[in-house]
1. In region 1-57, which strands (runs of 3 or more DSSP E) lie fully inside it and hold 2 or more residues that are closer than 20 Å to Ser68 by Cβ?
2. Determine the pairs where a residue that is closer than 18 Å to Ile33 by Cβ, located within region 62-74, has a partner that is aromatic (Phe, Trp, Tyr) with Cβ atoms under 6 Å apart, the partner being 6 or more residues away or on another chain.
3. Just give me the residues in region 15-46 being more than 22 Å from Pro86 (Cα to Cα) and either surrounded by 10 or more Cβ atoms within 10 Å (Cβ to Cβ) or among the aliphatic types (A, V, I, L, M) (or both), in sequence order.
4. Which one is nearest to Val13 (Cα to Cα), of the residues in region 47-69 that are among the hydroxyl-bearing types (Ser, Thr, Tyr) and surrounded by 10 or more Cβ atoms within 10 Å (Cβ to Cβ)?
Amino acid sequence: MVKIEINENDGKVNNKQVVSKSTGEILTFREQIAYIYNGGVYPEKFIIQLDKDDSPYPAGFYTLDDSSFSIGDFGSLKIRKPKLKPFK
């Protein structure tokens with residue numbers, strides 16, 4: 001089972017704004033920093049994108065919810081937008 005950590009220091013929501021090249025519209029992205037324990041000596045840092053209405057994940061340990069996985073067009077495993085659930 002994959003173990004993911006969101007800590008109090010890095011887990012604050014960051015808002016990034018970029019200008020769309022095609023429309024000139026300002027787009028806002030909300031993201032949280034998390035760490036995945038995948039068997040290495042140290043956990044690896046990655047970013048979780050949050051939708052506009054998503055509540056941020058509180059500090060703690062999580063794993064990927066089953067709804068995060070799907071099968072691609074050619075039968076390969078894909079991870080969709082990660083959804084986290086508490087690690088037990």
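1. 3-6, 26-37, 44-50
2. Tyr62/Phe87; Thr63/Phe87
3. Lys16, Val18, Val19, Ile26, Leu27, Phe29, Val41
4. Residue satisfying both the conditions and the ranking: Tyr57.
Matching residues to (1) over 19 Å from Val2 (Cβ atoms); (2) of a type in the set (S, T, N, Q):
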position: Gln17; (1), (2): yes, yes
position: Lys21; (1), (2): yes, no
position: Thr28; (1), (2): yes, yes
position: Ile36; (1), (2): no, no
position: Val41; (1), (2): no, no
position: Lys45; (1), (2): no, no
position: Tyr57; (1), (2): no, no
position: Ser68; (1), (2): no, yes
position: Gly75; (1), (2): yes, no
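Every read-out reported here was derived from the displayed coordinates using simple, explicitly stated rules and does not represent laboratory data. Everything numeric here is computed off the predicted structure, so don't read it as measured data. Cβ sites come from the backbone with ideal geometry, for glycine too, and all protein chains shown count toward neighbours.
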